[in-house]
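The values are calculated or read from the model by the stated rules, or taken from the named source; none is laboratory data. Keep in mind the model is a prediction, meaning the values are calculated, not measured. Cβ atoms come from the backbone with ideal geometry, glycine included; neighbour counts cover every protein chain shown.
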Amino acid sequence: MTNEELKQYISALFPTVTYDETGEFLNILIASTELKPLIKTLRYEDDLKFNFLFCLTCIDWKTNLMMVYHLISKTHKHIVVIKAKIADVVKPEIETVCDIYQTANFHEREVYDLFGVNFKNHPDMRRLLLDESWEGYPLRKNYVDENMITI
Amino acid sequence: MNLLLTISFSSVASGIHNWLVSTIPNELLAKSVEMVIAGICLLLFLVPLCFILGYMERKVAGFMQMRYGPNRVGPYGSLQIVADTVKLVMKEGLTPTGSDKFLFNLAPVIMVVTCMLVLAPIAFAKDFQIWDINIGVLYVSAISSLAVIGILMAGWSSYNKYSLLGAMRSGAQIVSYELSVGLSLISIVILTGSLKMSDIVMSQETGWWIIRGHIPVIISFVIFVIASTAEINRAPFDLAEAEQELTAGFHTEYAGMKFAMFLLAEYINLFIVSAIAATLFLGGWMPFHIGHWQEFNHIMDFVPSSLWFLGKTFFIIFIIMQFRWTFPRLRVDQLLTLEWKYLLPISMVNTILVTVMAIMGWHF
Amino acid sequence: MSLLGEDYTTEEGEFVINIGPQHPSTHGVLHLKVWLDGETIKKVQPHLGYIHRSIEKMSESLSYRNFIYATSRMDYLSAHINNQACALCVEKGLQIEAPPRAQMIRIILAELTRLASHQLWWGCTGLDLGAVSPFFYAFREREAILEIMEETCGARLTQNFCVPGGIMADIHPNFQKRTKDVLKQIKSKFQEYDDVLTGNVIFENRNKNVGFLTAEDAISFGCTGPMARGSGVSCDVRKWFPYDGYDKVQFDEVLGKEGDCFSRYMVRMNEMKQSVSIIEQLIDNIPEGDFQAKTKMVLKLPKGEFYQRVETARGELGVFIVSDGAASPYRIKYRSPNFSNLSALDHVARGYKIGDLVAIMSTIDLIIPDVDR
């Protein structure tokens, strides 16, 4: 499917989404509450079949956090990027997708570890890379480490 | 020169024996002193033997892996193993807290003692044997299976899960492979009609069993080498210590001298297994004889019998060492499959073949 | 609560062993907590972070020229390919392209890196399964490749040869001749590799019918590289999203069928042959010209997001740069192949024996610094 067709298809199901095509891929911006149904649709609809989550990360925009999901369909060879804004930076929360993509299990734990985003219904929400006793979330922009040397 | 040729291990041994009997009036005391001397001689033989085997192992590994092996300490690196031994002796012999201290310290001793016991009936040269017991082969196979107790003890008392897994593996392994070893030993016993080591060697005066015994004996020789490699826990059957799986298996927690004793036991076991294979299948100290070619046999007799024995033994050691540096390790269930589904049935059928051959007199 | 803050709860008859962080077969500081029933694996729980250096955070304060060198330390066996990914991503942002000569040298070096990496893997696979000698045979050829790297790049392992806009320096005059010599040597040794390990009965038994991963699971777990290709999932970035002129090269994507350890093993073995053929096509046709495009002293990427992926020796490496227009990235994410491949370990290893876990780990070919970053 081309980007235009994808846009039409998704807009019909989710009228609230907005698009951003300035980058390399088609970006779909969606509210964090609607993320799970959207990804479920993208994964299981036969015409879409985005079965491969090749990158899952988070960006700290200081005023909000943004989850970024890169999806590709191995059968149809089209790519979309889904961006979900989380407004609450103090206690960020979003629905997990690791029941749809098993790879999300580790990636979400990494995001939890480094950004502090809590994934609801995640089976094993623990820190992954850092120690359990670590305080703060290092990849946040407001994270201060007195031992850190800026070059 | 003539005198030199008449000196042999047997003449030295009988000389010492006669001297002891004549100087010490009490017969019991004389026997005891003789035993002590034999024990000391054995120890003096074993320690250099382990040095040589350790050095040989490294050199064989180097030879198979396109490298030199040890070549810094001493001439051609020959003192490397001495340096390593000194290091092991100097290290602290740790005993982990939580371990069963008595069993933990006893285990390496048991390992060394059992493998030394097995050396008793082995004929190192003509008429040179510590104890020519009339049930030699049975004795060997009975005592050598005691080693499993040492391994289980070490694994259990270490208070370490890796050790425990290693010990359990080796328990299953040694007990299973004992059967094939026993059956392949029996094939020679059937042909000889005696369990006595000296009888078995003498029966090969007109040719070694591996040549006289046709294919069945060759099969049992191969099975013996495979099964005994498994019994002494050497690669590719080193599941008990499987470095990549269980770090060091049953001797994970051992350090220093106690670890050195396991190493000692491993090398002595390697020597014993090869010595028994050499004795039973390759004629022990018996020179290479062909039937009744008197002249040929006479020429062969000029090579000292001890050299024949050691040559054959080291040849088999060399083969077993090559296994170690060639093959990957088996998995624990494949190991047992190999024994119970392949080696054991084959050796059972082979035993019948050997029996038929012995009854009909089909061997040379 | 223990230091790690986790449970060691077991069911009846089970027990937990910790494999690693110091263990001969974990190839680094991977820590696996394994629930066992006898010898059978019930559950594997990886513990990461023993070599976490926060390269992503570090890169946020480094310039676009400098952050590339940090990535050599991720997957240190594919250091050049990591650098290439970053250089390509910065080039994408700057909307420039490396000159053809630079591109071709990059590919040749990348394929040499892949060969060296696969050779190390081959040696380690043998080593993990108890065959010690193949390791030395593998190192014989790997050493020859690393010497080429040393001569041209100045470093053996962390080459740091890629810069945004091309390569750092021109190749050494001996490069072509030595590469051809090494290729000849490697080609003559493939048969030896097969004789020593591939055809060995014990080795086949250890690897066949062990560690199955279906194609669906491979996709769901985000597996890439030989791990996914062993299950028959086509995922070679060089074919799907060609970069640096891979579209002009003739080569096949190696795919396995069964999805067990042996099929992953065979994928890597055949990939080595493909790499040799790629280098053979290119080595005599390196075009003349510049080796570096002209770039500004201080690189500034325009505002936006850039994603670039390459095929490392272990799978798909994605570099995701978010730029706010400054001289260093606002946020950078490395989608490392091993991280996703490792997440499938629990699924793959369940129900097999401890000995199989070693075989599975060696065919996943984990590099822990790449997992932890």
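Here are a few things to note about the model shown:
- Sole residue being polar (S, T, N, Q), part of a helix (DSSP H, G or I) and at pLDDT 90 or above, chosen from C:125, C:113: C:113
- Residues that are assigned to a loop (DSSP other than H, G, I, E, B), of a type in the set (Phe, Trp, Tyr), more than 29 Å from residue C:32 (Cα to Cα) and facing another protein chain (nearest Cβ under 10 Å) are absent from the stretch C:344-367.
- Subset of the stretch C:121-152 [away from chain B (no Cβ under 14 Å) and touching a Phe, Trp or Tyr at 6+ places or on another chain (Cβ under 8 Å)]: C:148, C:151, C:152
- Condition check for residue C:327: touching a residue at least 24 places away in the same chain (Cβ under 8 Å), touching a strand residue (DSSP E or B) at 6+ places or on another chain (Cβ under 8 Å), over 20 Å from residue C:230 (Cα atoms) and surrounded by fewer than 23 Cβ atoms within 10 Å (Cβ to Cβ): no
- Some residue of the stretch C:214-236 being away from every other protein chain (no Cβ under 14 Å) and surrounded by fewer than 21 Cβ atoms within 10 Å (Cβ to Cβ): no
- Considering A:34, A:5, the condition of being under 18 Å from the mean Cα position of the chain (by Cα), among the charged types (D, E, K, R) and either more than 10 Å from every other protein chain (Cβ to nearest Cβ) or in a loop (DSSP other than H, G, I, E, B) (or both) is satisfied by A:34 alone.
- Looking only at the stretch C:304-329, residues that are more than 9 Å from every other protein chain (Cβ to nearest Cβ) and over 14 Å from residue A:55 (Cα atoms) come to 11 in all.
- Test result for residue B:135, surrounded by fewer than 22 Cβ atoms within 10 Å (Cβ to Cβ), out of contact with any helix residue (DSSP H, G or I) (no Cβ under 8 Å at 6 or more places or on another chain) and more than 14 Å from every other protein chain (Cβ to nearest Cβ): yes
- Residue C:370 of a type outside the set (S, T, N, Q), facing chain A (nearest Cβ under 10 Å) and in a helix (DSSP H, G or I): no
- Residue check for residue B:235: within 14 Å of chain C (Cβ to nearest Cβ), within 18 Å of the chain's Cα centre (by Cα) and of a type in the set (Gly, Ala, Ser): yes
- Here C:72, C:63, C:78 are screened, and the one residue that is within 13 Å of chain A (Cβ to nearest Cβ) and either crowded, with 20+ Cβ neighbours inside 10 Å or among the polar types (S, T, N, Q) (or both) is C:63.
- Any chance residue A:124 is more than 8 Å from every other protein chain (Cβ to nearest Cβ) and exposed (fewer than 15 other Cβ atoms within 10 Å of the Cβ): yes
- Scanning the stretch A:23-63 for residues that are buried (at least 17 other Cβ atoms within 10 Å of the Cβ) and among the aromatic types (Phe, Trp, Tyr), we see that the one that is nearest to residue A:142 (Cα to Cα) is A:54.
Conditions (1) surrounded by fewer than 18 Cβ atoms within 10 Å (Cβ to Cβ); (2) in contact with a helix residue (DSSP H, G or I) (Cβ under 7 Å, 6 or more places away or on another chain), marked per residue:
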{"position": "B:301", "(1), (2)": "yes, no"}
{"position": "B:306", "(1), (2)": "yes, yes"}
{"position": "B:317", "(1), (2)": "no, yes"}
{"position": "B:321", "(1), (2)": "no, yes"}
{"position": "B:324", "(1), (2)": "no, no"}
{"position": "B:329", "(1), (2)": "no, no"}
{"position": "B:336", "(1), (2)": "yes, yes"}
{"position": "B:343", "(1), (2)": "no, yes"}
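- Hits in the stretch B:6-42 - residues which are touching a residue at least 60 places away in the same chain (Cβ under 8 Å), closer than 21 Å to residue B:118 by Cβ and touching a helix residue (DSSP H, G or I) at 6+ places or on another chain (Cβ under 8 Å): B:9, B:42
- Candidate set: the stretch A:100-116, residues that are in a helix (DSSP H, G or I) and among the aromatic types (Phe, Trp, Tyr); chosen: the one nearest to the other protein chains (Cβ to nearest Cβ): A:106
- Criterion (assigned to a loop (DSSP other than H, G, I, E, B) and surrounded by 14 or more Cβ atoms within 10 Å (Cβ to Cβ)) met by exactly one of B:357, B:286: B:286
- Residues (of a type in the set (Val, Ile, Thr) and exposed (fewer than 15 other Cβ atoms within 10 Å of the Cβ)) located in the stretch B:45-91: B:47, B:73, B:82, B:86, B:89
- Any hit, the stretch B:185-194, residues being at pLDDT 85 or above, within 17 Å of the chain's Cα centre (by Cα) and on the phi < 0 side of the Ramachandran plot: yes
- Some residue of the stretch B:145-160 being assigned by TED's automatic domain parsing to the domain that holds residue B:336 and at positive phi: yes
- Every condition in (1) at pLDDT below 85; (2) in a loop (DSSP other than H, G, I, E, B); (3) within 29 Å of residue B:301 (Cα to Cα) is met by residue B:38 except one, and the failing one is (2).
- In summary, residue C:159 fulfils each of the numbered conditions (1) buried (at least 22 other Cβ atoms within 10 Å of the Cβ); (2) part of a helix (DSSP H, G or I); (3) in contact with a Leu (Cβ under 9 Å, 6 or more places away or on another chain) with the single exception of condition (2).
- Residue identified as within 23 Å of residue A:45 (Cβ to Cβ), out of contact with any Gly (no Cβ under 7 Å at 6 or more places or on another chain) and part of a loop (DSSP other than H, G, I, E, B) among A:97, A:89, A:81: A:97
- Only one of B:9, B:51 that is in contact with a strand residue (DSSP E or B) (Cβ under 6 Å, 6 or more places away or on another chain) and not assigned by TED's automatic domain parsing to the domain that holds residue B:254: B:9
- Breaking point among (1) in contact with a Leu (Cβ under 7 Å, 6 or more places away or on another chain); (2) loosely packed, with under 15 Cβ neighbours inside 10 Å, for residue C:181: (1)
- Here residue A:42 meets each of (1) closer than 28 Å to residue A:1 by Cβ; (2) at pLDDT 85 or above with one exception, condition (2).
- Complete set of residues in the stretch B:238-253 that are assigned to a loop (DSSP other than H, G, I, E, B) and more than 10 Å from chain C (Cβ to nearest Cβ): B:240, B:241, B:252, B:253
- Qualifying residue in the stretch C:102-110 (condition: of a type in the set (A, V, I, L, M, F, W, C), within 14 Å of chain A (Cβ to nearest Cβ) and touching a helix residue (DSSP H, G or I) at 6+ places or on another chain (Cβ under 6 Å)): no
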